[in-house]
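Taking it in order: structure first as structure tokens, then the write-up.
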């Protein structure tokens, strides 16, 4: 039978297991951050953090040694916005605008999971889609992702089993969506606070997990709900993520309903702050860009998704000029198909160059900064940079492939030439989650097989995905 | 010592060796063409062509059997425009406009090869860059490419050794470029005709090679030269490829110098015909689109290059509406970094969706058609489709990867989800050139090692690339 994904977990090493010591020897290139590169150094990892960076570090007793000769060591990528459940929807109809796409592609799956499956089935499918997406992410060099999800606690279980760092931005909506997805009762509010208390305030018990609050959009949230979210996030000192100004349709409907443009409205109700990340921001006025800059909020740019849905091109260069931190996200697989930060960086750079008809406006190091430092800022984690004391979230990349040599500028090589498949090792929170392209914590083949079996099982029940 | 690339060639199988019979069994999916898909079929290849497609074909004696169970068999991609020498320049400065980029990035390498190296050295480096780019292309599922190159005969030698189908679009220019690259004497004309006679008119001796004429641009060619090219192409019944309307700067300078917009000018001098492919076509008026449609010429779209150089976005949707065949090219690695048709298809689709702010204007099958059928049309070869009697240029792709399952629409899976690395086998002209990601004709590692050694050797001589 299907649905026994738990059995596919190999028990060692566990993310919460004993402390490890890892010594990465002779990194050909070390990208400490987007503008700081060294050659031929060793990196020592003790417990969950980087403890020393120097030449010729003597291996401590029991250290796991990784030879990185000629290879690149860099911070793991942080995917600052995605929806993992959409991993089941990749490659579906690609000729739909955002609103049709929501009605025809994403809502039916959400509805199926909420109403047509048993509780046990929906828990298991959420676990499996999270593993599927998580494995894809790790194989692409992503060490942390932010998942804007409705209410599937099994997502967190999958991340812990895989050893992936994740931010669960628990979606809350009370308008526009089908009834079964809406929730704004005092009881629902309590559940969100319980989730934060269980996983966000307990870093010792769940070091890989944070919980943010994710009001989906302005048009799916009442003003009362948005205000409660801002207050609750402050109370628990956590983050908030919201989709803003993705389409012209959204801007017009917010203007009509709330009397102001989206960013002006959020400013008016006191919603904006450095703990808030605004996803998309495609359609902004100069005034709105200034409001965001003053608020300290971060913008998450999702170029492939904005392109695929025909939403428009975000004014990234203008926002950068105003000093707004820009992070990078793939968005979900229904509007991107891939969770691949290499492609996302290339799309981000090339889209701005062509939008401005000026190749000089943005460069490889700018988009690399988005995918590491700024995305880590959104996720509020101490990563995105390789320095002593930082979290040991890093990747080793083979830059000696036929498509990456010769190297002229290692950041440009990584941004424009390297491919997800060139990532050979991924370390998250001081644990080796992938080594030589083999996931160490979960049996990848078993997971894929179980997913295919589950798909057939649902099909027999008349439920398609 | 360096420069002994010839030694890296494994002698078996040779592209011109004995005839082979290959039976591909149980293809999970067969894409015959962009709109025609079958499941669970066998494909028989005899000599250089596809001889039978059916279920359960009995294996002929001595047939090489390839098991494609659950995998996808599809036409090899055709890259309709590139400059292989730029493979040495990937990842260089990414903040330059086209004209600065030509002066600072591409001319210096051309100049080095023409003037600073011995004849033997420049022959060997041309051989090596062609192998490097050729191996990259094959590993990405490209079975044929069109290389617009200056005059390096060793490119052809590399293609033959690798077993890659190639169109050598011999570049001819007599204006604007540095003196050492210009050539318009009767002696030069004669050399071009000799090249065509040697390789294009001898399909028995060089089945993989065609020779086109490649006037680089209008502004680098006198009217006399353009007219000679049109006449010579007709005389030899061969193709012509030219860059047209890549930048606004080009359009303005042609208007000033020749009194008309570029396409209007080419039409006036009788240059346009179905044998001509026009690369880029970013800046066109409605009138120019109509002229192209009436002429029967093909357009080669290079989205990543146009984006990276900030040139602009070609009116692809408008050209499609007028029935102009649109092919797809990566352009050279200095303005793209990769020779990857998977990424190129994704960029092509997403760029038009965002340009038009309408997701419905173009779909996966449209860009897939560009990368196969229409690019094969540009190269004038009988491929791009899998049918009995067609050239056996095909690829086998693993579509069961974590990033490609579940599958909802196999063309969309290939276009939006699959990665170059998922191509496991490449057959060109009936020969297996790559099998399970290992190049069969050339030692890949030796080639990369030789290239790195050559780079060091030149550096010691004060020549950088």
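Throughout, read-outs are computed from the coordinates displayed, never taken from laboratory work. Computed from a predicted model, the values in this text were never measured in an experiment. For neighbour counting, all protein chains shown are included, and Cβ atoms are generated from backbone atoms with ideal geometry for every residue, glycine included.
Average projected area of the Cα convex hull of the stretch A:412-465, in nm²?
Approximately 5.8 nm², given one-decimal rounding.
If you wrap a convex hull around the Cα atoms of chain B, how much volume per residue is inside, in Å³?
So the per-residue Cα hull volume is 137 Å³.
Can you list the copy-to-copy distances for residue B:408, using a point 7 angstrom from Cα toward Cβ, in nanometres, shortest first?
4.0
With a ≥ b ≥ c the root eigenvalues of the C-alpha gyration tensor of the stretch B:95-173, is it rounded (a/c under 1.5), prolate (a/b larger than b/c) or oblate?
oblate
Rounded to the nearest 5, what % of DSSP beta bridges with both residues in chain A are antiparallel?
Within chain A, antiparallel bridges account for around 45 percent of the total.
Calculate the translational D of the stretch A:183-260 in whole µm² s⁻¹ from Stokes-Einstein, where the hydrodynamic radius comes from the Kirkwood formula applied to all Cα pairs, the temperature is 20 °C and the viscosity 1.002 mPa s.
154
With viscosity set to 0.890 mPa s and temperature to 25 °C, compute the Stokes-Einstein D of the stretch B:19-124, Rh being the Kirkwood radius across alpha carbon pairs; µm²/s, no decimals.
The estimated diffusion coefficient comes to 137 µm²/s.
Find every distance from the label point of residue A:296 to the corresponding label point in the other copies (7 Å from Cα along Cα→Cβ) and write them in nm, one decimal, shortest first.
Between copies, matching label points for residue A:296 lie 6.9 nm apart.
Evaluated at 10 °C with a viscosity of 1.306 mPa s, what Stokes-Einstein diffusion coefficient in µm²/s does the protein assembly as shown have when Rh comes from the Kirkwood expression over alpha-carbon pairs?
55
Enter the per residue convex hull volume of the stretch A:236-350, computed from alpha-carbon coordinates, in Å³ rounded to the nearest integer.
Each residue corresponds to 111 Å³ of Cα convex hull volume.
Copy-to-copy spacing for residue A:118, label 7 Å out on the Cα-to-C-beta vector, in nm, shortest first?
7.9
Counting only C-alpha contacts under 8 Å and six or more residues apart, can you give the relative contact order of chain A as a whole percent?
So the answer I get is 22 percent.
Averaged across A:297-305, how many Cβ atoms of other chains sit within 10 Å of each residue's Cβ atom?
Other-chain Cβ atoms within 10 Å of each residue's Cβ, averaged: 1.
In whole percent, what relative contact order does the stretch A:379-443 give with Cα contacts below 8 Å and a gap of six or more residues?
29
Highest mean first, how do A:305-311, A:292-298, A:424-430 rank when packing is the count of other Cβ atoms within 10 Å averaged over residues?
Result, highest mean Cβ count within 10 Å first: A:305-311, A:424-430, A:292-298.
Need the C-alpha centroid separation for the stretch B:198-222 versus the stretch B:73-88, integer Å.
Here the two parts' Cα centres lie 16 Å apart.
Looking only at the protein assembly as shown, where both bridge partners belong to it, what percent of the DSSP beta bridges are antiparallel (to the nearest 5)?
In the protein assembly as shown, approximately 45 percent of DSSP beta bridges are antiparallel ones.
Over what distance in Å are the Cα centres of the stretch B:291-331 and the stretch B:121-160 separated?
Going from one Cα centre to the other spans 25 Å.
To the nearest whole number, what is the average tally of beta carbon atoms from other chains within 10 Å of the beta carbons of peptide B:416-423?
Rounded to a whole number, the mean comes out at 5.
Taking neighbour Cβ counts within 10 Å as the exposure measure, how do A:404, B:253 sort from fewest upward?
By the 10 Å Cβ count, ascending: B:253, A:404.
Where the Cα atoms of the stretch B:363-465 are projected onto their three principal axes, how long is each span, largest first, in whole Å?
Taking max minus min along each principal axis of the Cα atoms, the stretch B:363-465 gives 54, 35, 26 Å.
So, in Å, what gap is there between the alpha-carbon centers of the stretch A:404-465 and the stretch A:338-365?
If we compute the Cα centre of each part, the gap is 23 Å.
When all alpha-carbon pairs of the stretch B:49-186 are counted, what percent fall beyond 25 Å?
Within the stretch B:49-186, distances greater than 25 Å cover 42 percent of Cα pairs.
Using all Cα-Cα distances in the stretch A:146-293, what percent lands in each 5 angstrom bin from 0 up to the longest?
Final binned percentages: 2, 9, 19, 22, 19, 14, 9, 5, 1, 0.
Taking the rotation that carries B onto A, look along its axis and tell me which residue of B has the beta carbon nearest to it, distance in whole angstrom.
Result for the axis mapping B onto A: B:421, 2.
Could you work out the relative contact order of the stretch A:207-286? I mean the mean sequence separation of Cα pairs under 8 Å and 6+ apart, divided by the number of residues, in percent.
About 34 percent, as a whole number.
Can you compute the helix-only [θ] at 222 nm over chain B? Use -39500 (n - 2.57) per DSSP H run of at least 4 residues, normalise by all residues, nearest 500 deg cm²/dmol.
-9000 deg cm²/dmol
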